[in-house]
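Below is one structure; the comments refer to it alone.
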Amino acid sequence: MQRPFAGNSGRPFGTVAALFCLLLAVAAIVLGDVSHDLAGAADPFTAIARNKLDMAQPYWGLLLASEIVRSVLASALLLAMLTLAAPIGPRAPGRDVALLAGGAGILCLAIAAHFRIEATALIGQGRISPRADLVAALTMLGHAGVALWATLTVREARMAGSLPGWVQLAGLLFACLVFLSGFVRPFLEFAAFAGILWWGGIFLTLYRPQDRAMR
């Protein structure tokens, strides 16, 4: 039996969460591109690895803004995971595993974000953070957790018939690119574009104008 987005379960909170993820993904892409052009890298550890500390130091504030946006995006992802679980499908072991995997991934990304922000501040002082290996490991685990959440969520949506086919394909593409970007940095921008398609599709499917009506 198909279970489309209907009723009040997960709405309008799921709509807002999907919209936040969409807007923050766009902001992360823009700030990442600007940081790459001006500071020589999109994040502090990439700047260190490329020996572009002198180039990045005057723009450490831009790198900091980019890292803050990514941290807020991780928080929006967690909000989306929690608010979209109910309308996408009934409670099942797969949904619970998806939430646990996604929550663990977000936790790893949050810890990595702390060290990234710390590294950005050190670049502003002309110093280098020694936590590159730890951040790389946390980032890989975080991306793997988010990718597993997206994959299992698409599976639950397919079983419940709650998302159109093209949105499910966008979710699988997003999951694959997020997983790969944990190991290969250049895939991160492609993952962000896939995320825009995924979150946009969820928003368009979930949005109902009557949610804005007074009750």
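The values are calculated or read from the model by the stated rules, or taken from the named source; none is laboratory data. Just so you know, these numbers come straight off a predicted model, no measurement behind them. Note that we place each Cβ from the backbone using ideal geometry, even for glycine, and neighbour counts take in every protein chain shown. Only protein heavy atoms, including side chains, enter the accessible area calculation; ligands, DNA and RNA are left aside. Shrake-Rupley method; radii C 1.70, N 1.55, O 1.52, S 1.80 Å.
Which residue is nearest to the chain's Cα centre (by Cα), if the candidates are limited to segment 24-54 and must be under 22 Å from ALA137 (Cβ atoms) and not in a loop (DSSP other than H, G, I, E, B)?
ALA28
I'd like the full set of residues that are open to solvent by less than 70 Å² (accessible area, probe 1.4 Å) and out of contact with any Ser or Thr (no Cβ under 7 Å at 6 or more places or on another chain), limited to segment 30-40.
ASP33, VAL34, ALA39, GLY40
Considering only residues that are among the aliphatic types (A, V, I, L, M) and over 19 Å from the mean Cα position of the chain (by Cα), look in segment 158-178 and name the one that is surrounded by the fewest Cβ atoms within 10 Å (Cβ to Cβ).
In this case the residue turns out to be MET159.
Give segment 75-89 a look and list any residue that's within 17 Å of ILE111 (Cβ to Cβ) and either surrounded by 22 or more Cβ atoms within 10 Å (Cβ to Cβ) or acidic (Asp, Glu) (or both), or say none.
Across segment 75-89, the qualifying residue is only LEU77.
Among ILE128, ILE196, which is open to solvent by 30 Å² or more (accessible area, probe 1.4 Å), under 21 Å from LEU64 (Cα atoms) and either among the polar types (S, T, N, Q) or in contact with a helix residue (DSSP H, G or I) (Cβ under 9 Å, 6 or more places away or on another chain) (or both)?
Of ILE128, ILE196, the one residue that is open to solvent by 30 Å² or more (accessible area, probe 1.4 Å), under 21 Å from LEU64 (Cα atoms) and either among the polar types (S, T, N, Q) or in contact with a helix residue (DSSP H, G or I) (Cβ under 9 Å, 6 or more places away or on another chain) (or both) is ILE128.
Quick one: GLU118 ticks every box in (1) more than 17 Å from ALA18 (Cβ to Cβ); (2) open to solvent by 70 Å² or more (accessible area, probe 1.4 Å); (3) in contact (Cβ under 8 Å) with a residue 12 or more places away in the chain except a single one, so which number is it?
With (1) more than 17 Å from ALA18 (Cβ to Cβ); (2) open to solvent by 70 Å² or more (accessible area, probe 1.4 Å); (3) in contact (Cβ under 8 Å) with a residue 12 or more places away in the chain applied to GLU118, the lone miss is (2).
Checking the structure you have, find out if any residue of segment 57-73 is under 21 Å from ASP33 (Cα atoms), open to solvent by 30 Å² or more (accessible area, probe 1.4 Å) and without any contact (Cβ under 8 Å) to a residue 24 or more places away in the chain.
Within segment 57-73 (the criterion being under 21 Å from ASP33 (Cα atoms), open to solvent by 30 Å² or more (accessible area, probe 1.4 Å) and without any contact (Cβ under 8 Å) to a residue 24 or more places away in the chain), the answer is yes, since at least one residue qualifies.
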